[in-house]
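The values are calculated or read from the model by the stated rules, or taken from the named source; none is laboratory data. All of these numbers come straight from a predicted model, not from anything done at the bench. Cβ coordinates were reconstructed from backbone atoms using ideal geometry, including for glycine residues, and neighbour counts include every protein chain displayed. Keep in mind that these areas ignore ligands, DNA and RNA; they rest on the heavy atoms of the full protein, side chains included. Shrake-Rupley method; radii C 1.70, N 1.55, O 1.52, S 1.80 Å.
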Amino acid sequence: ERGEGEYPGGKESESQEGDYVADFQLKNMLIEENLSLYFREQVFSDKRVLPYLSIGDDSAAEVEEAGGGEKFISLWCEDILPCGPKAREKLGEKEGPTRGFHGEVKEGKESSAREGANCVICVSDKAFYIVLKDENLSSKFSDAPRPSCLARHPLENVSRCSIGFFFQRLVISFLGAGGLEGCVYNVLTSSKLVCYDILKVLTPLANEVRSAGGSKVKIDNDDKSWLSNFHGVARGISVNVVMYRIVRQQWKSGNREPVRRALVITDTHVFLIDESYVGDGSELGGRGA
């Protein structure tokens, strides 16, 4: 069984041992500083039939069925919260203590909070990948580490992209087997530019492969839901929000890990709140200021 905070491994998507196939002049470059280049030249090299990834059995079968020859499009390194049991099965689940404003550990039913995993989101012309960002990606190109793929979803299975309040997060939903509801991931970008960039890349590609079915990816936002929940937290105070940001609170002492918060500024007050994301629909619920 997988321990807390650990992630599933998988088998290689190619039967042979992978060698370094990127340009010889790139061999001394650090992968972490040139991640997109490594994925383009090594992982999705046109010299390979299948992507150079360590991948689970189910996804490996999908890759082989897709016929290989995938083209790298783009990637991002972001915190991802898996929503619901299907997504948590793929990414694992990490929990940390819930802390108050001064860093004290909260007790009772809110004593723990789910933490996002910092992963690589990679989009090819055929699929959406979530790749584990680990120490292997701190090596050189010539070391040719094989990235560990935690999840792979064909682009035709992208069903919905829900934009978080102030473009601070993006909830991406996928169809599962038989067209049923599948995995849902909450990508905590904390950046309007990154949210927009993911949408700009992912949705046109998904719509293109979904065109045969006649339906496009649904795009919506959770502004109404978020404001409704925040109204309950504000307890009658003005909810005319002028700024909202997902941030990390950290302390100068005590050897405590930074904690994810939401910073909300209205025309009369400043709030630092906890947020919880629950269920496959990733509905937003404030846990209080």
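Kindly provide the set of residues from the range 180-219 that are among the basic types (Lys, Arg) and touching an Asp or Glu at 6+ places or on another chain (Cβ under 6 Å), ordered by number.
As a first pass, look at the range 180-219 and keep what is among the basic types (Lys, Arg): 192, 200, 210, 216, 218.
Of everything in the range 180-219, just one residue is among the basic types (Lys, Arg) and touching an Asp or Glu at 6+ places or on another chain (Cβ under 6 Å), namely ARG210.
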Original post:
Under the condition of being at negative phi, surrounded by fewer than 22 Cβ atoms within 10 Å (Cβ to Cβ) and not in a strand (DSSP E or B), which residue from the range 169-184 is modelled with the lowest pLDDT?
Top reply: ALA177
**OP:** Kindly establish whether SER15 is under 16 Å from ARG146 (Cβ atoms) and at pLDDT below 90.
**Re:** yes
Original post:
Name the pairs whose Cβ atoms lie under 6 Å apart, with the first residue in the range 42-71 and modelled with pLDDT of 75 or more, the second of a type in the set (D, E, K, R), and 6 or more positions between them or separate chains?
Top reply: PHE44/GLU70; LEU50/GLU14; PRO51/GLU70; TYR52/ARG146; SER54/GLU12; SER54/ARG146; GLU70/LYS126; LYS71/ASP125
Original post:
Pick from the range 192-227 the residues that are touching a residue at least 24 places away in the same chain (Cβ under 8 Å), small (Gly, Ala, Ser) and open to solvent by 30 Å² or more (accessible area, probe 1.4 Å): which of them is nearest to ASN240 (Cα to Cα)?
Top reply: SER225
Original post:
Got at least one residue in the range 193-212 being modelled with pLDDT of 90 or more, closer than 30 Å to GLU70 by Cα and assigned to a strand (DSSP E or B)?
Top reply: no
Original post:
Looking only at the range 77-106, which residues are in a strand (DSSP E or B), within 14 Å of ASN118 (Cα to Cα) and open to solvent by 20 Å² or more (accessible area, probe 1.4 Å)?
Top reply: CYS77, GLU78, ASP79, LYS94, GLU95
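Taking the residues in the range 135-163 that are in contact with a strand residue (DSSP E or B) (Cβ under 7 Å, 6 or more places away or on another chain) and open to solvent by 50 Å² or more (accessible area, probe 1.4 Å) as candidates, determine which candidate is nearest to ASN34 (Cα to Cα).
Narrowing the range 135-163 to residues in contact with a strand residue (DSSP E or B) (Cβ under 7 Å, 6 or more places away or on another chain): 140, 146-155, 157-163.
Adding the requirement that they be open to solvent by 50 Å² or more (accessible area, probe 1.4 Å) leaves 140, 160.
On the way: LYS140: 10, ARG160: 30 Å.
Checked the range 135-163; the qualifying residue nearest to ASN34 (Cα to Cα) is LYS140.
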Subject >> Residue in the range 237-256 that is at pLDDT 85 or above, in contact with a helix residue (DSSP H, G or I) (Cβ under 8 Å, 6 or more places away or on another chain) and surrounded by fewer than 18 Cβ atoms within 10 Å (Cβ to Cβ) present >> reply: yes
Subject >> Lone unmet requirement of (1) out of contact with any Leu (no Cβ under 9 Å at 6 or more places or on another chain); (2) not in a strand (DSSP E or B) for SER142 >> reply: (1)
Subject >> Tabulated pairs, the range 119-143, first within 15 Å of LEU53 (Cβ to Cβ), second among the polar types (S, T, N, Q) and open to solvent by 50 Å² or more (accessible area, probe 1.4 Å), C-beta under 6 angstrom, 6+ apart or interchain >> reply: LYS133/ASN118
Original post:
Out of (1) over 16 Å from LEU155 (Cα atoms); (2) not in a loop (DSSP other than H, G, I, E, B), what's the single condition that is false for SER238?
Top reply: (2)
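May I ask you to verify whether ASP267 is out of contact with any Asp or Glu (no Cβ under 9 Å at 6 or more places or on another chain) and among the acidic types (Asp, Glu)? Walk me through it before giving the result.
Working: out of contact with any Asp or Glu (no Cβ under 9 Å at 6 or more places or on another chain): yes; among the acidic types (Asp, Glu): yes.
When the stated conditions are applied, ASP267 passes them.
Answer yes or no as to whether GLU104 is under 28 Å from GLN250 (Cβ atoms) and free of Cβ contacts under 8 Å to residues at least 40 places away in the same chain.
Numbers: under 28 Å from GLN250 (Cβ atoms): yes; free of Cβ contacts under 8 Å to residues at least 40 places away in the same chain: yes.
Spelling it out, GLU104 is indeed under 28 Å from GLN250 (Cβ atoms) and free of Cβ contacts under 8 Å to residues at least 40 places away in the same chain.
Of everything in the range 112-134 that's closer than 13 Å to SER148 by Cβ and assigned to a strand (DSSP E or B), which residue is most open to solvent (accessible area, probe 1.4 Å)?
As a first pass, look at the range 112-134 and keep what is closer than 13 Å to SER148 by Cβ: 117, 119-120, 122, 129-134.
This time we only want the ones that are assigned to a strand (DSSP E or B), so: 117, 119-120, 122, 129-132.
Numbers: ALA117: 8, CYS119: 0, VAL120: 0, CYS122: 1, TYR129: 1, ILE130: 0, VAL131: 1, LEU132: 36 Å².
Top of the filtered list is LEU132.
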